[in-house]
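Right, one structure below, let's go through it.
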Amino acid sequence: MHIAPFDNRNLPIVDIEDDTVPLNYFNIVKLTKGQAFEYQVPGYETCIAPATGTLDVEVEGFKVEALGGRVEDVWGGEPEGVYVPSGTKALMTCLSDTAEVFVAGAKFDQVLDPFAVRSDEIDLVQYGSDDTKTHRKIKHILGQKQHGKVGRLLVSELFTVGAGGWSGFPSHKHDTDRLPTETRHDETYNFRFKPNFGSGVQMLQREDNKPGEAYHIMDGSTICLDSGYHPCCVLPGYEMYYFTILGGLSQRSLVQHFQPTHADQIETIPGIKDMIAKFK
């Protein structure tokens, strides 16, 4: 499902028990200097991750100062985040002139401990190549390094390297719990383009070798993925970014099932096996 860019007025874009991705939660909070925003999501663990701007964050006594720091856009520095346990109150206060803040969530009942992920703790993986039109890098905010500290939530930022190209290829899906070959993980993206008038296409193929759906994605588009194979691409001459939320049904580690038609390209795209391992 494609949700076109709109002014959500700090209200959830993907709320709890969403019809398409019930395992996910997503909000974008926009603040100006001195403004504060408090939230609490029963039954969902969340992560506060500034797209731009700087925040102080408090999670029921746990305090993080000067989170974030990017100024113009998501290309302007490294991400940071704060893990907020399920159902816990969180307060963010804007220190910069403006801030745009992603709040990512996954369904999980157990209450764990809050913690911060600073820029020097981000787990980076770069893979693909210009020749295969798949060159990209992923910055994991809540990834493999935080395993055991988080219930079901995976949060990352994905960047195309250079202008144009494909992401999410070879095509894969993760809509059915059938271990050890696949897990059920709902997924939500929020896209950005550089320059911001760029755009791209999100494909969604429900069955191998049968026609699927395609969505025209723009700066600020949100995509919710419940089932099917889902590669995406950006127009030549533009860079693409997407904020990624994964919520697992029965476990946090993601097991992707690669589309049989294209699975052989796992062996031809440099570094893709390292990328797969980082979602464990």
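Rule-based calculations on the coordinates, nothing more; no lab input. Just so it is clear, the model here is predicted, and its values are computed rather than measured. In this analysis, Cβ positions are derived from the backbone assuming ideal geometry, glycine residues included, and neighbour counts consider all displayed protein chains.
For the pair Q144/Q265, report the inter-label distance in nm, with labels modelled 7 Å from Cα in the Cβ direction.
2.3 nm
Against the 2.2 N^0.38 Å scaling, with N counting residues, where does region 221-280 land? I'd like the Cα-based Rg ratio to two decimal places. Don't skip to the end; give the middle numbers.
Working: Rg = 13.6 Å, N = 60, 2.2 N^0.38 = 10.4 Å.
Relative to the rule-of-thumb radius for its length, region 221-280 sits at 1.30.
Okay, which of region 91-135 sit inside 15 Å, backbone N to the point 7 Å along the Cα-Cβ direction of D274?
123-130, 135
Under a crude label model (7 Å from the Cα following the beta-carbon direction), how far is E121 from S253 in nanometres?
Between E121 and S253, the label points sit 2.2 nm apart.
How big is D, in µm² s⁻¹, for region 73-141 by Stokes-Einstein at 10 °C and 1.306 mPa s if Rh is the Kirkwood radius over C-alpha pairs?
Working: Rh = 14.9 Å.
Result for D is 107 µm²/s.
Need the full-extension length gain, D109 to T181, defined as separation in residues times 0.36 nm minus the C-alpha distance. One decimal, nm.
23.4 nm
Over 23 Å between C-alpha atoms is what I'm after, so list which of K173/K194; K173/K273; K139/K173; K33/K63; K107/K194; K145/K194 land there. Can you show the working numbers first?
Details: K173/K194 27 Å; K173/K273 16 Å; K139/K173 21 Å; K33/K63 18 Å; K107/K194 32 Å; K145/K194 29 Å.
Violating the 23 Å limit, Cα to Cα: K173/K194; K107/K194; K145/K194.
In the chain, with Lys and Arg counted as +1 and Asp and Glu as -1 at Cβ, which of these residues, S227, G164, L204, has the Cα nearest the positive end of the dipole, that is, farthest along it?
With unit charges placed on the Cβ atoms, the residue in question is G164.
To the nearest 0.05, how large is the calculated FRET efficiency for N196 and R9 if R₀ is 25 Å and r is the Cβ-Cβ distance?
Efficiency for this residue pair is about 0.75.
Let me know the volume per residue of the alpha-carbon convex hull for region 9-277, in Å³.
Hull volume normalised by residue count: 119 Å³.
On each of the three principal axes of the Cα atoms of region 150-280, give max minus min coordinate, whole Å, ordered largest first.
The Cα atoms of region 150-280 stretch 41, 33, 28 Å along the principal axes, largest first.
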